[in-house]
2 protein chains.
Amino acid sequence: MDATDLADAVYEAISRRRDVRAEFTGEPMPPATLHRMLVAAHSAPSVGLSQPWDFILVSAGTTRARFKDHVDNERRVFAESLPAERARTFVPIKVEGIMESTLGVVVTYDPERGAPAVLGRHAIADAGLYSTCLAIQNLWLAATAEGYGMGWVSFYREPFVQHLLGLPDRVRPVAWLCLGPVEKLQEVPDLERHHWRARRPVEAAIHLETWSGDVASRGASDQ
Amino acid sequence: MDATDLADAVYEAISRRRDVRAEFTGEPMPPATLHRMLVAAHSAPSVGLSQPWDFILVSAGTTRARFKDHVDNERRVFAESLPAERARTFVPIKVEGIMESTLGVVVTYDPERGAPAVLGRHAIADAGLYSTCLAIQNLWLAATAEGYGMGWVSFYREPFVQHLLGLPDRVRPVAWLCLGPVEKLQEVPDLERHHWRARRPVEAAIHLETWSGDVASRGASDQ
(Lines give C-alpha, C1' and ligand atoms only; values in the text may rest on other atoms or scores of the structure.)
Protein backbone atom coordinates (compact mmCIF):
# COMPACT_ATOMS: atom_id res chain seq x y z
CA MET A 1 0.00 0.00 0.00
CA ASP A 2 1.50 3.35 -0.97
CA ALA A 3 1.82 6.26 1.39
CA THR A 4 -1.14 8.26 0.07
CA ASP A 5 -3.50 5.29 0.30
CA LEU A 6 -2.36 4.58 3.84
CA ALA A 7 -3.00 8.14 4.97
CA ASP A 8 -6.34 8.29 3.16
CA ALA A 9 -7.46 5.08 4.83
CA VAL A 10 -6.46 6.18 8.31
CA TYR A 11 -8.24 9.51 7.88
CA GLU A 12 -11.31 7.68 6.60
CA ALA A 13 -11.43 5.38 9.63
CA ILE A 14 -10.92 8.36 11.95
CA SER A 15 -13.75 10.34 10.39
CA ARG A 16 -16.19 7.39 10.06
CA ARG A 17 -15.78 6.39 13.71
CA ARG A 18 -18.80 7.09 15.90
CA ASP A 19 -19.69 6.49 19.54
CA VAL A 20 -22.43 3.92 18.92
CA ARG A 21 -25.50 3.35 21.10
CA ALA A 22 -28.58 2.58 18.98
CA GLU A 23 -27.26 0.85 15.86
CA PHE A 24 -25.99 -2.50 17.19
CA THR A 25 -27.47 -5.62 15.56
CA GLY A 26 -26.17 -8.16 18.08
CA GLU A 27 -24.88 -10.43 15.32
CA PRO A 28 -21.83 -12.56 16.12
CA MET A 29 -18.28 -11.50 15.33
CA PRO A 30 -15.80 -14.03 13.94
CA PRO A 31 -13.29 -14.88 16.69
CA ALA A 32 -10.36 -14.18 14.35
CA THR A 33 -11.65 -10.67 13.69
CA LEU A 34 -12.11 -10.00 17.38
CA HIS A 35 -8.59 -11.24 18.05
CA ARG A 36 -7.17 -8.96 15.32
CA MET A 37 -8.86 -5.97 16.92
CA LEU A 38 -7.51 -6.87 20.35
CA VAL A 39 -4.00 -7.25 18.91
CA ALA A 40 -4.40 -3.74 17.51
CA ALA A 41 -5.45 -2.42 20.92
CA HIS A 42 -2.51 -4.22 22.52
CA SER A 43 -0.15 -2.58 20.00
CA ALA A 44 -0.71 0.85 21.51
CA PRO A 45 2.19 2.79 22.97
CA SER A 46 2.52 2.72 26.74
CA VAL A 47 4.58 4.55 29.30
CA GLY A 48 7.76 2.57 29.96
CA LEU A 49 6.37 -0.22 27.74
CA SER A 50 4.25 -1.12 30.75
CA GLN A 51 1.20 -2.19 28.68
CA PRO A 52 -0.92 -1.69 31.81
CA TRP A 53 -4.23 -2.59 30.15
CA ASP A 54 -6.36 -5.74 30.24
CA PHE A 55 -9.42 -6.62 28.19
CA ILE A 56 -12.30 -8.45 29.83
CA LEU A 57 -14.70 -9.83 27.25
CA VAL A 58 -18.20 -9.88 28.71
CA SER A 59 -20.86 -11.77 26.82
CA ALA A 60 -22.87 -13.22 29.73
CA GLY A 61 -26.38 -11.79 29.73
CA THR A 62 -26.65 -11.82 33.52
CA THR A 63 -23.51 -9.72 33.94
CA ARG A 64 -24.61 -7.30 31.27
CA ALA A 65 -28.10 -6.99 32.74
CA ARG A 66 -26.68 -6.17 36.18
CA PHE A 67 -24.43 -3.54 34.61
CA LYS A 68 -27.32 -2.08 32.64
CA ASP A 69 -29.43 -1.70 35.80
CA HIS A 70 -26.56 0.19 37.40
CA VAL A 71 -26.14 2.41 34.34
CA ASP A 72 -29.89 3.13 34.21
CA ASN A 73 -29.68 4.31 37.79
CA GLU A 74 -26.68 6.55 37.07
CA ARG A 75 -28.55 7.95 34.09
CA ARG A 76 -31.33 9.00 36.48
CA VAL A 77 -28.79 10.54 38.85
CA PHE A 78 -27.39 12.63 36.00
CA ALA A 79 -30.85 13.57 34.63
CA GLU A 80 -31.93 14.81 38.05
CA SER A 81 -28.85 17.03 38.26
CA LEU A 82 -29.83 18.95 35.13
CA PRO A 83 -31.72 22.23 34.77
CA ALA A 84 -35.17 21.68 33.19
CA GLU A 85 -34.26 22.68 29.65
CA ARG A 86 -31.18 20.45 29.58
CA ALA A 87 -33.13 17.60 31.17
CA ARG A 88 -35.63 17.75 28.30
CA THR A 89 -32.82 17.66 25.74
CA PHE A 90 -31.36 14.64 27.54
CA VAL A 91 -34.55 12.51 27.48
CA PRO A 92 -34.26 11.06 23.94
CA ILE A 93 -30.49 10.50 24.14
CA LYS A 94 -29.50 6.84 24.43
CA VAL A 95 -26.32 6.48 26.49
CA GLU A 96 -25.50 2.80 26.04
CA GLY A 97 -26.01 -0.31 23.93
CA ILE A 98 -25.06 -2.81 26.61
CA MET A 99 -27.64 -5.50 25.84
CA GLU A 100 -27.98 -4.88 22.10
CA SER A 101 -24.28 -5.05 21.25
CA THR A 102 -22.53 -8.35 20.59
CA LEU A 103 -19.92 -8.02 23.29
CA GLY A 104 -18.87 -5.89 26.22
CA VAL A 105 -15.14 -5.19 26.35
CA VAL A 106 -14.07 -3.79 29.70
CA VAL A 107 -10.67 -2.18 29.57
CA THR A 108 -8.82 -1.91 32.85
CA TYR A 109 -5.65 -0.25 34.17
CA ASP A 110 -3.20 -2.03 36.47
CA PRO A 111 -0.76 0.42 38.09
CA GLU A 112 1.49 -2.45 39.24
CA ARG A 113 2.31 -3.59 35.72
CA GLY A 114 6.02 -2.87 35.36
CA ALA A 115 6.13 -1.08 38.70
CA PRO A 116 7.79 0.30 40.73
CA ALA A 117 10.23 1.84 38.21
CA VAL A 118 7.94 2.57 35.26
CA LEU A 119 10.10 4.58 32.88
CA GLY A 120 8.34 7.90 32.27
CA ARG A 121 5.81 7.66 35.10
CA HIS A 122 7.73 8.98 38.10
CA ALA A 123 6.62 12.57 37.49
CA ILE A 124 3.13 11.92 36.13
CA ALA A 125 1.09 9.39 38.08
CA ASP A 126 -1.66 9.36 35.47
CA ALA A 127 0.65 8.34 32.61
CA GLY A 128 -0.40 4.70 32.88
CA LEU A 129 -4.07 5.63 32.63
CA TYR A 130 -3.20 7.64 29.53
CA SER A 131 -1.59 4.56 27.96
CA THR A 132 -4.73 2.56 28.57
CA CYS A 133 -6.76 5.15 26.67
CA LEU A 134 -4.43 4.91 23.68
CA ALA A 135 -5.20 1.19 23.50
CA ILE A 136 -8.92 2.01 23.56
CA GLN A 137 -8.59 4.35 20.59
CA ASN A 138 -6.65 1.71 18.63
CA LEU A 139 -9.51 -0.71 19.30
CA TRP A 140 -12.06 1.88 18.25
CA LEU A 141 -10.38 2.58 14.93
CA ALA A 142 -9.79 -1.13 14.28
CA ALA A 143 -13.48 -1.82 14.93
CA THR A 144 -14.49 1.01 12.60
CA ALA A 145 -12.16 -0.25 9.88
CA GLU A 146 -13.67 -3.74 10.24
CA GLY A 147 -17.11 -2.25 9.69
CA TYR A 148 -18.15 -2.67 13.33
CA GLY A 149 -19.34 -0.13 15.82
CA MET A 150 -18.13 0.65 19.31
CA GLY A 151 -19.61 2.76 22.10
CA TRP A 152 -18.02 3.87 25.37
CA VAL A 153 -20.33 3.68 28.38
CA SER A 154 -19.30 5.96 31.24
CA PHE A 155 -22.45 6.14 33.38
CA TYR A 156 -21.08 3.92 36.13
CA ARG A 157 -19.24 3.99 39.44
CA GLU A 158 -15.87 2.27 39.34
CA PRO A 159 -16.38 0.21 42.53
CA PHE A 160 -19.54 -1.34 41.04
CA VAL A 161 -17.64 -2.62 37.99
CA GLN A 162 -14.70 -3.73 40.13
CA HIS A 163 -17.05 -5.87 42.19
CA LEU A 164 -19.08 -7.12 39.20
CA LEU A 165 -16.00 -8.41 37.38
CA GLY A 166 -13.89 -9.41 40.36
CA LEU A 167 -11.14 -6.87 39.73
CA PRO A 168 -8.35 -6.69 42.31
CA ASP A 169 -8.57 -3.49 44.36
CA ARG A 170 -5.63 -1.89 42.58
CA VAL A 171 -7.11 -2.40 39.09
CA ARG A 172 -9.32 0.42 37.77
CA PRO A 173 -11.97 -0.07 35.09
CA VAL A 174 -11.32 2.62 32.49
CA ALA A 175 -14.09 1.87 30.00
CA TRP A 176 -17.01 -0.42 29.33
CA LEU A 177 -17.05 -0.66 25.56
CA CYS A 178 -20.00 -2.04 23.60
CA LEU A 179 -18.76 -3.70 20.44
CA GLY A 180 -20.21 -5.44 17.44
CA PRO A 181 -21.84 -5.30 14.04
CA VAL A 182 -24.09 -2.32 13.38
CA GLU A 183 -26.83 -1.43 10.92
CA LYS A 184 -24.83 1.65 10.02
CA LEU A 185 -22.62 4.30 11.52
CA GLN A 186 -24.25 7.70 11.92
CA GLU A 187 -22.61 10.56 10.05
CA VAL A 188 -23.22 13.12 12.79
CA PRO A 189 -22.45 12.37 16.46
CA ASP A 190 -25.57 11.50 18.49
CA LEU A 191 -25.09 14.41 20.89
CA GLU A 192 -24.96 16.86 18.01
CA ARG A 193 -28.00 15.32 16.26
CA HIS A 194 -29.92 15.64 19.52
CA HIS A 195 -28.80 19.24 20.01
CA TRP A 196 -26.99 18.47 23.25
CA ARG A 197 -23.84 20.19 22.07
CA ALA A 198 -22.28 21.40 18.81
CA ARG A 199 -18.79 20.47 17.73
CA ARG A 200 -16.06 23.03 18.31
CA PRO A 201 -14.17 24.29 15.24
CA VAL A 202 -10.66 22.85 15.12
CA GLU A 203 -9.20 26.36 14.74
CA ALA A 204 -10.37 27.18 18.26
CA ALA A 205 -8.24 24.34 19.62
CA ILE A 206 -4.97 25.35 17.96
CA HIS A 207 -2.61 27.73 19.75
CA LEU A 208 0.76 28.98 18.57
CA GLU A 209 3.72 28.82 20.96
CA THR A 210 1.72 29.53 24.14
CA TRP A 211 -1.86 29.26 25.41
CA SER A 212 -2.62 32.88 24.52
CA GLY A 213 -1.12 32.71 21.05
CA ASP A 214 -3.23 31.44 18.18
CA VAL A 215 -3.86 31.64 14.47
CA ALA A 216 -6.76 34.03 14.75
CA SER A 217 -5.25 36.10 17.59
CA ARG A 218 -8.21 35.07 19.71
CA GLY A 219 -6.90 37.21 22.48
CA ALA A 220 -7.66 37.34 26.14
CA SER A 221 -11.32 36.36 26.00
CA ASP A 222 -10.60 32.65 25.69
CA GLN A 223 -8.08 32.53 28.51
CA MET B 1 -11.59 2.06 -0.78
CA ASP B 2 -13.09 -1.32 -0.02
CA ALA B 3 -13.52 -2.69 3.48
CA THR B 4 -10.54 -5.06 3.42
CA ASP B 5 -8.17 -2.35 2.23
CA LEU B 6 -9.42 0.01 4.91
CA ALA B 7 -8.84 -2.53 7.68
CA ASP B 8 -5.43 -3.52 6.29
CA ALA B 9 -4.35 0.11 6.19
CA VAL B 10 -5.47 0.86 9.73
CA TYR B 11 -3.70 -2.24 11.05
CA GLU B 12 -0.58 -1.25 9.15
CA ALA B 13 -0.54 2.24 10.65
CA ILE B 14 -1.16 0.79 14.12
CA SER B 15 1.72 -1.69 13.83
CA ARG B 16 4.18 0.75 12.18
CA ARG B 17 3.66 3.40 14.85
CA ARG B 18 6.61 3.89 17.18
CA ASP B 19 7.39 6.22 20.09
CA VAL B 20 10.15 8.18 18.39
CA ARG B 21 13.16 9.76 20.10
CA ALA B 22 16.31 9.43 17.98
CA GLU B 23 15.11 9.39 14.38
CA PHE B 24 13.84 12.94 13.84
CA THR B 25 15.37 14.87 10.94
CA GLY B 26 14.04 18.32 11.84
CA GLU B 27 12.84 18.92 8.29
CA PRO B 28 9.81 21.15 7.82
CA MET B 29 6.26 19.80 7.55
CA PRO B 30 3.85 21.30 5.01
CA PRO B 31 1.26 23.37 6.90
CA ALA B 32 -1.60 21.58 5.11
CA THR B 33 -0.33 18.21 6.30
CA LEU B 34 0.01 19.44 9.86
CA HIS B 35 -3.50 20.82 9.70
CA ARG B 36 -4.86 17.49 8.40
CA MET B 37 -3.26 15.69 11.32
CA LEU B 38 -4.72 18.15 13.83
CA VAL B 39 -8.16 17.74 12.28
CA ALA B 40 -7.74 13.99 12.79
CA ALA B 41 -6.83 14.54 16.44
CA HIS B 42 -9.80 16.87 16.85
CA SER B 43 -12.10 14.17 15.38
CA ALA B 44 -11.61 11.94 18.41
CA PRO B 45 -14.56 10.92 20.53
CA SER B 46 -15.03 12.83 23.77
CA VAL B 47 -17.19 12.49 26.83
CA GLY B 48 -20.37 14.51 26.33
CA LEU B 49 -18.89 15.85 23.06
CA SER B 50 -16.87 18.14 25.31
CA GLN B 51 -13.74 18.08 23.10
CA PRO B 52 -11.72 19.20 26.12
CA TRP B 53 -8.35 19.19 24.37
CA ASP B 54 -6.20 21.99 22.96
CA PHE B 55 -3.07 21.78 20.85
CA ILE B 56 -0.23 24.21 21.46
CA LEU B 57 2.27 24.16 18.63
CA VAL B 58 5.71 24.97 20.01
CA SER B 59 8.45 25.70 17.51
CA ALA B 60 10.38 28.41 19.39
CA GLY B 61 13.87 27.19 20.22
CA THR B 62 14.01 29.08 23.51
CA THR B 63 10.85 27.43 24.80
CA ARG B 64 12.01 24.02 23.70
CA ALA B 65 15.46 24.49 25.24
CA ARG B 66 13.91 25.45 28.58
CA PHE B 67 11.70 22.39 28.45
CA LYS B 68 14.63 20.16 27.55
CA ASP B 69 16.63 21.41 30.55
CA HIS B 70 13.71 20.54 32.79
CA VAL B 71 13.35 17.09 31.19
CA ASP B 72 17.09 16.42 31.56
CA ASN B 73 16.77 17.14 35.24
CA GLU B 74 13.78 14.81 35.62
CA ARG B 75 15.72 12.16 33.77
CA ARG B 76 18.40 12.44 36.46
CA VAL B 77 15.77 12.23 39.20
CA PHE B 78 14.47 9.01 37.70
CA ALA B 79 17.95 7.54 37.10
CA GLU B 80 18.88 8.17 40.71
CA SER B 81 15.80 6.29 41.89
CA LEU B 82 16.85 3.09 40.13
CA PRO B 83 18.73 0.09 41.49
CA ALA B 84 22.24 -0.19 39.97
CA GLU B 85 21.43 -2.80 37.33
CA ARG B 86 18.39 -0.93 36.08
CA ALA B 87 20.32 2.35 36.14
CA ARG B 88 22.92 0.84 33.78
CA THR B 89 20.19 -0.37 31.43
CA PHE B 90 18.70 3.13 31.48
CA VAL B 91 21.89 4.98 30.47
CA PRO B 92 21.73 4.51 26.67
CA ILE B 93 17.98 5.07 26.44
CA LYS B 94 17.00 8.38 24.86
CA VAL B 95 13.76 9.68 26.36
CA GLU B 96 12.98 12.68 24.13
CA GLY B 97 13.62 14.34 20.78
CA ILE B 98 12.58 17.83 21.86
CA MET B 99 15.21 19.80 19.95
CA GLU B 100 15.67 17.43 17.00
CA SER B 101 12.00 17.14 16.06
CA THR B 102 10.31 19.67 13.82
CA LEU B 103 7.61 20.71 16.24
CA GLY B 104 6.44 20.27 19.80
CA VAL B 105 2.70 19.70 20.15
CA VAL B 106 1.51 20.11 23.70
CA VAL B 107 -1.91 18.61 24.27
CA THR B 108 -3.87 19.97 27.20
CA TYR B 109 -7.08 19.15 29.06
CA ASP B 110 -9.59 21.79 30.10
CA PRO B 111 -12.11 20.44 32.63
CA GLU B 112 -14.37 23.48 32.15
CA ARG B 113 -15.06 22.73 28.50
CA GLY B 114 -18.77 21.90 28.40
CA ALA B 115 -19.03 21.99 32.19
CA PRO B 116 -20.76 21.77 34.58
CA ALA B 117 -23.12 19.16 33.06
CA VAL B 118 -20.74 17.10 30.93
CA LEU B 119 -22.84 14.15 29.77
CA GLY B 120 -21.08 10.98 30.92
CA ARG B 121 -18.65 12.60 33.36
CA HIS B 122 -20.69 12.91 36.57
CA ALA B 123 -19.58 9.49 37.85
CA ILE B 124 -16.03 9.43 36.45
CA ALA B 125 -14.06 12.61 36.96
CA ASP B 126 -11.20 11.38 34.77
CA ALA B 127 -13.39 10.83 31.72
CA GLY B 128 -12.32 14.15 30.19
CA LEU B 129 -8.66 13.24 30.55
CA TYR B 130 -9.44 9.96 28.81
CA SER B 131 -10.98 11.85 25.88
CA THR B 132 -7.84 13.93 25.54
CA CYS B 133 -5.77 10.76 25.21
CA LEU B 134 -8.00 9.48 22.42
CA ALA B 135 -7.18 12.64 20.46
CA ILE B 136 -3.49 11.99 21.03
CA GLN B 137 -3.74 8.49 19.58
CA ASN B 138 -5.59 9.81 16.53
CA LEU B 139 -2.74 12.28 16.02
CA TRP B 140 -0.16 9.52 16.46
CA LEU B 141 -1.74 7.27 13.85
CA ALA B 142 -2.28 10.17 11.45
CA ALA B 143 1.40 11.11 11.80
CA THR B 144 2.46 7.52 11.19
CA ALA B 145 0.23 7.26 8.14
CA GLU B 146 1.74 10.50 6.79
CA GLY B 147 5.20 8.96 7.15
CA TYR B 148 6.13 11.13 10.13
CA GLY B 149 7.22 10.16 13.60
CA MET B 150 5.88 11.16 16.98
CA GLY B 151 7.25 10.72 20.49
CA TRP B 152 5.54 11.34 23.83
CA VAL B 153 7.73 12.99 26.44
CA SER B 154 6.58 12.42 30.01
CA PHE B 155 9.66 13.33 32.06
CA TYR B 156 8.23 16.61 33.33
CA ARG B 157 6.28 18.14 36.17
CA GLU B 158 2.94 19.56 35.12
CA PRO B 159 3.35 22.93 36.92
CA PHE B 160 6.56 23.58 34.95
CA VAL B 161 4.78 23.18 31.62
CA GLN B 162 1.77 25.17 32.84
CA HIS B 163 4.07 28.07 33.67
CA LEU B 164 6.22 27.71 30.52
CA LEU B 165 3.22 27.91 28.18
CA GLY B 166 1.02 30.23 30.22
CA LEU B 167 -1.74 27.70 30.83
CA PRO B 168 -4.61 28.77 33.07
CA ASP B 169 -4.49 26.99 36.44
CA ARG B 170 -7.37 24.69 35.58
CA VAL B 171 -5.77 23.44 32.34
CA ARG B 172 -3.54 20.35 32.63
CA PRO B 173 -0.82 19.50 30.15
CA VAL B 174 -1.39 15.86 29.19
CA ALA B 175 1.47 15.33 26.75
CA TRP B 176 4.43 17.02 25.13
CA LEU B 177 4.59 15.37 21.73
CA CYS B 178 7.63 15.64 19.46
CA LEU B 179 6.50 15.53 15.85
CA GLY B 180 8.06 15.57 12.42
CA PRO B 181 9.82 13.80 9.59
CA VAL B 182 12.06 10.89 10.55
CA GLU B 183 14.86 8.94 8.91
CA LYS B 184 12.88 5.79 9.58
CA LEU B 185 10.60 4.20 12.14
CA GLN B 186 12.18 1.45 14.21
CA GLU B 187 10.57 -1.97 13.93
CA VAL B 188 11.08 -2.84 17.60
CA PRO B 189 10.18 -0.40 20.40
CA ASP B 190 13.24 1.38 21.85
CA LEU B 191 12.65 0.02 25.34
CA GLU B 192 12.59 -3.54 24.04
CA ARG B 193 15.71 -3.02 21.86
CA HIS B 194 17.52 -1.69 24.92
CA HIS B 195 16.34 -4.60 27.09
CA TRP B 196 14.44 -2.34 29.45
CA ARG B 197 11.31 -4.45 29.17
CA ALA B 198 9.86 -7.12 26.87
CA ARG B 199 6.42 -6.87 25.35
CA ARG B 200 3.65 -8.84 27.02
CA PRO B 201 1.83 -11.46 24.91
CA VAL B 202 -1.66 -10.30 24.00
CA GLU B 203 -3.14 -13.54 25.32
CA ALA B 204 -2.09 -12.53 28.83
CA ALA B 205 -4.23 -9.40 28.55
CA ILE B 206 -7.46 -11.11 27.49
CA HIS B 207 -9.90 -12.35 30.15
CA LEU B 208 -13.24 -14.04 29.61
CA GLU B 209 -16.29 -12.76 31.52
CA THR B 210 -14.40 -11.79 34.70
CA TRP B 211 -10.87 -10.90 35.80
CA SER B 212 -10.08 -14.47 36.83
CA GLY B 213 -11.47 -16.06 33.68
CA ASP B 214 -9.27 -16.31 30.64
CA VAL B 215 -8.50 -18.32 27.55
CA ALA B 216 -5.60 -20.23 29.06
CA SER B 217 -7.21 -20.66 32.52
CA ARG B 218 -4.32 -18.68 33.93
CA GLY B 219 -5.75 -19.14 37.40
CA ALA B 220 -5.04 -17.40 40.63
CA SER B 221 -1.36 -16.62 40.08
CA ASP B 222 -2.08 -13.57 37.94
CA GLN B 223 -4.66 -12.08 40.26
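The values are calculated or read from the model by the stated rules, or taken from the named source; none is laboratory data. What you are looking at is a predicted structure, and each value in this text was computed from that prediction instead of being measured. Neighbour counts run over all protein chains shown; Cβ positions are idealised from the backbone, glycine included. To get the accessible areas, we keep the full protein, side chains included, count just its heavy atoms, and leave off ligands, DNA and RNA. Shrake-Rupley method; radii C 1.70, N 1.55, O 1.52, S 1.80 Å.
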Calculated SAXS-style log₁₀ I(q)/I(0) at q = 0.09, 0.12 Å⁻¹ - segment B:31-163, Debye, Cα scatterers: -0.34, -0.59
Using a label position 7 Å from Cα in the Cα→Cβ direction, what is the ascending list of nm distances from A:LYS94 to the same site in the other copies? 5.0
In whole angstrom, how long is each semi-axis of the equivalent ellipsoid of chain B, when you take the square root of 5 times every eigenvalue of its Cα gyration tensor and sort them from largest down? 27, 25, 22
Cα gyration tensor shape of segment B:85-185, rounded if a/c is under 1.5, else prolate or oblate by comparing a/b with b/c: prolate
Per residue of B:70-79, other chain Cβ atoms within 10 Å number on average 2
Going by average Cβ neighbours within 10 Å, how do the peptides A:148-156, A:83-91 rank, with the highest at the top? A:148-156, A:83-91
Straight distance only, please: which lysines reach the Cα of B:LYS94 with their own Cα at less than 17 Å, same-chain residues fewer than 8 apart left out? B:LYS68, B:LYS184
Just to confirm, what accessible area per residue do you get for the protein assembly as shown at 1.4 Å probe, in whole Å²? 39 Å²
Quick check: net charge around A:LEU134, other residues with Cβ under 12 Å of its Cβ, Lys/Arg +1 and Asp/Glu -1? 0
Please report, as a whole percent, how much of the solvent-accessible surface of segment B:96-211 comes from carbon and sulfur atoms (probe radius 1.4 Å). 53 percent
Taking K and R as +1 and D and E as -1, what net charge do the other residues with C-beta under 12 Å from the C-beta of B:ALA3 add up to? -4
What is the average number of partner chain Cβ atoms found within 10 Å of a Cβ in A:142-149? 4
What Kirkwood radius, in Å to one decimal, follows from the Cα pairs of the protein assembly as shown? 22.2 Å
Go ahead and run the numbers for FRET between A:SER59 and A:ALA32, Cβ-Cβ distance against an R0 of 22 Å, rounding to 0.05. 0.85
Using a 7 Å Cα-to-Cβ projection, B:ALA22 label spacings across copies, nm, ascending: 5.4
Using only alpha carbons, build the gyration tensor for segment A:6-79 and give me the equivalent ellipsoid semi-axes, biggest first, whole Å. 27, 19, 17
Chains A and B: buried accessible surface, both sides, probe 1.4 Å, rounded to 100 Å²? 8600 Å²
Put a point 7 Å out from Cα along the line to Cβ at B:GLU203; what are the distances to that point in the other copies, in nm, shortest first? 5.4
Helical contribution to [θ] at 222 nm, DSSP H n ≥ 4, -39,500 (n - 2.57), averaged over the protein assembly as shown, rounded to 500: -11500 deg cm²/dmol
